[in-house]
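K.L.:
Below is the structure I would like to discuss, written out as structure tokens.
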Amino acid sequence: MYKTLVVLVFGALVAWAFYFEPSSQLINKEKIVIPTWPDACNGKRIAILADLHVGSPYKGLDSLENLVNDVNNAEPDLILLPGDFVIQGVVGGSFVTPEKAAKILTNLHASMGVFAVLGNHDWWLDHKRVQKALENNNIIVLEDRSKYITSGKCQLRLVGISDFWEGPHNIEQAMSEVKPSDQVLAFTHNPDVFPELPTKISLTIAGHTHGGQVYLPGIGRPIVPSQYGQRFAIGHIIEHGSHLYVSPGVGTSIIPVRFLVPPEATILEISNE
């Protein structure tokens, strides 16, 4: 009886980690406070669609279309896509071209715009091809450059920083047009660049880590693709007054497993109090 129970529990955990959780899709709404956030931008909602890895198990084009619809229904003010649109190697996955993925992503809508940076998987495939696919579908790619975005009296300087592993991540170039009076929101693929960023940036948004894909209570996240281990693995991180938010993302990489780190599109509502 005991052995049977153990087998049943183990089987249930495996099914949860390899099917039920990675095949799920959440819209996680979270509020965060950033003291330097401008009053005029209080309550603005930013949708983060990180690590789509289109073609990873359970995350094909139909799933992407459903995700786009769910995000649009949440009515975000701004949509950020922090890279890894394609997948380069995952058990049980199949390659989906960036052109097909971008054709669906073009349906995303937000009053302040839809912006992207590229991730390491996009560079491994062909960063120029992925960027062209996105730009041909009205998605602005900010690789080490910036742009003013506005909504009513809310005005932000959005800074995109290229991938820490594969891109030049030229922070000086990315910040070159930022004025002293600007309120700066930055986004990038890999959060490992965070310690190098200037304190001028009110908030940095990233992905890449997938939240480790697996979280074991009492142990933590055994594998995080970061030189800092679990330090920048997931969620809202504050260091020396600087703010970082890392989304666990949507797809999977290498092994199609998620355990207590469900795939999500993150909707951040930001205020200064």
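K.L.:
Working from Cα positions, state the angle (0 to 90°, nearest 10) between the long axis of helix 120-135 and the longest principal axis of the chain.
P.N.:
50 degrees
K.L.:
Taking the alpha-carbon distance from Lys179 and a cut-off under 20 Å, which lysines remain once sequence neighbours fewer than 8 residues away in the same chain are dropped?
P.N.:
Excluding near neighbours in sequence, the set is Lys147, Lys153, Lys200.
K.L.:
Here's a follow-up. Compute the separation of the alpha-carbon centres of the stretch 45-64 and the stretch 108-133 and state it in Å as a whole number.
P.N.:
So the two Cα centres are separated by 13 Å.
K.L.:
While we're looking at this one, here's another question. What does the charge count around Trp37 come to, taking other residues whose C-beta lies under 12 Å from its C-beta (Lys +1, Arg +1, Asp -1, Glu -1)?
P.N.:
-1
K.L.:
Taking the dipole about the Cα centre of the chain, with the C-beta of Lys and Arg at +1 and of Asp and Glu at -1, give me whichever of Phe259, Val159, Tyr245 is farthest to the positive side.
P.N.:
The Cα lying farthest towards the positive end belongs to Phe259.
K.L.:
Another question about this same structure. On C-alpha positions alone, give me the angle between the axis of helix 2-15 and the longest principal axis of the chain, in degrees, nearest 10.
P.N.:
30 degrees
K.L.:
Mean residue ellipticity at 222 nm from the helices of the chain, using -39,500 (n - 2.57) per DSSP H segment of n ≥ 4 over the full residue count, to the nearest 500 deg cm²/dmol? Write down the numbers at each step before the final one.
P.N.:
On the way: 5 runs with 55 residues, N = 273.
After summing the helix terms and dividing by residue count, I get -6000 deg cm²/dmol.
K.L.:
Identify all lysines with a Cα-Cα distance to Lys31 below 20 Å; exclude those on the same chain that are fewer than 8 residues away in sequence.
P.N.:
The qualifying lysines are Lys44.
K.L.:
Of the residues Leu244, Leu134, Leu216, which exhibits the maximal mean-square fluctuation in a Gaussian network model of the chain defined by a 10 Å Cα contact cut-off?
P.N.:
Maximum among the listed residues: Leu216.
K.L.:
Under a 10 Å cutoff between Cα atoms, tell me which one of Asp77, Asp122, Asp182 has the largest fluctuation in the Gaussian network model of the chain.
P.N.:
Greatest mean-square fluctuation among the candidates belongs to Asp182.
K.L.:
I'd like the orientation of helix 61-73 relative to the chain: the angle between its Cα long axis and the longest Cα principal axis, in ° from 0 to 90, rounded to 10.
P.N.:
On a 0 to 90 degree scale, this one is about 50.
All of the numbers you see were taken from the coordinates with simple rules; none came from a lab. Just so you know, these numbers come straight off a predicted model, no measurement behind them. We place every Cβ from the backbone using ideal geometry, glycine too, and count neighbours over all the protein chains shown.
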